[in-house]
1. Which members of the range 148-165 meet the condition of being in contact with a strand residue (DSSP E or B) (Cβ under 6 Å, 6 or more places away or on another chain), over 15 Å from Pro65 (Cβ atoms) and in contact (Cβ under 8 Å) with a residue 60 or more places away in the chain?
2. Quick check on the range 27-47. Is at least one of its residues open to solvent by 10 Å² or more (accessible area, probe 1.4 Å), under 19 Å from Leu174 (Cβ atoms) and among the hydroxyl-bearing types (Ser, Thr, Tyr)?
3. From the list Val48, Val105, which residue is farther than 16 Å from Val28 by Cα and in a strand (DSSP E or B)?
4. So how many residues does the range 157-169 have that are of a type outside the set (Val, Ile, Thr) and loosely packed, with under 11 Cβ neighbours inside 10 Å?
5. Within the range 82-119, how many residues are at positive phi and either at pLDDT below 95 or aromatic (Phe, Trp, Tyr) (or both)?
6. In the range 138-166, what count of residues is obtained for those that are at pLDDT 95 or above and either of a type in the set (Asp, Glu) or closer than 30 Å to Asp53 by Cβ (or both)?
7. Given (1) assigned to a loop (DSSP other than H, G, I, E, B); (2) modelled with pLDDT of 70 or more; (3) surrounded by 14 or more Cβ atoms within 10 Å (Cβ to Cβ), identify the lone condition not met by Leu172.
8. Can you tell me which residues in the range 114-143 are touching a Gly at 6+ places or on another chain (Cβ under 6 Å) and either closer than 28 Å to Pro168 by Cβ or surrounded by 13 or more Cβ atoms within 10 Å (Cβ to Cβ) (or both)?
Amino acid sequence: MNPSRFVLAAGTAAASVLLLSGPAFAHVGVQPVGQAAQGGYATVNVKVPNERDNASTVKVEVNFPLDHPLASVMPQPVPGWKVEVTKSDLDKPLTLHGKQISQAVSKVTWTADGSKIGPGQFQQFPLSLGQLPEDTDQLVLKAIQTYDNKEVVRWIEEQKGTEEPQNPAPVLKLSPAGEDHHGAAATSAAPSASVSASADAKGAEGASGDHAGTETAAVSSTDTTARVLGGAGIVVGIAGVAFGILAGRRRSA
């Protein structure tokens, strides 16, 4: 077989694998657990992959828009990480359950405390959110990822048109409001008008194990799809190599 044909076929196989399986862990994202409906409450996972081969992620910041403020953002404790919730004053107070709220969560920060996100790994950070806004169909949650070699990646670019930016900001899509504003996730994510990071961490520490199954279920579909697509790419590549070998033999004969 002509060596150049073999190289071309092998390259095609490798490209197929990369194109099909590469985007599975492309960037920081946010995924709802169940329904995230306008006007309701939801549990979401902030999914943070490590894109570096020689560094580990040690800090993650997620920013919340104050033009669509959330009165309650409660983090679930993650072993090996400490969490801090930052609030900011609102220009226009919120009314929730008949009460005026003058502050809303503007940022949640996770910092490694005995754990890291190593090369080839990812970590999920669960949040309970509410009350979700009724006047928008999405929330853009700009994120900043810091590695232990001091590199900082800013996932803050909003998509314009059909082409995805290089460092896209995580986006939480909101479904239309239903009859029950507490949504499907309300039973596991009770609303709270006042958020204290230290109190949440101490009070919910024992419950972190109970949510492990939910987190695993949330990512199993994406991971399985990536593996299937990656396998398909390998099969396509092998087929290309085999075709090249057979074609070379027929011509030499």
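The values are calculated or read from the model by the stated rules, or taken from the named source; none is laboratory data. In this text, all values refer to a predicted model and were calculated from it rather than measured experimentally. We place every Cβ from the backbone using ideal geometry, glycine too, and count neighbours over all the protein chains shown. Heads up: the accessible areas ignore ligands, DNA and RNA and are worked out on the full protein's heavy atoms, side chains in. Shrake-Rupley method; radii C 1.70, N 1.55, O 1.52, S 1.80 Å.
1. Of everything in the range 148-165, those that are in contact with a strand residue (DSSP E or B) (Cβ under 6 Å, 6 or more places away or on another chain), over 15 Å from Pro65 (Cβ atoms) and in contact (Cβ under 8 Å) with a residue 60 or more places away in the chain turn out to be Asp148, Val153.
2. Yes; the residues of the range 27-47 include at least one that is open to solvent by 10 Å² or more (accessible area, probe 1.4 Å), under 19 Å from Leu174 (Cβ atoms) and among the hydroxyl-bearing types (Ser, Thr, Tyr).
3. That would be Val105, the only listed residue that is farther than 16 Å from Val28 by Cα and in a strand (DSSP E or B).
4. Going through the range 157-169 one residue at a time, the tally reaches 5.
5. 2
6. Going through the range 138-166 one residue at a time, the tally reaches 18.
7. (1)
8. The answer is Ser115, Leu132, Glu134.
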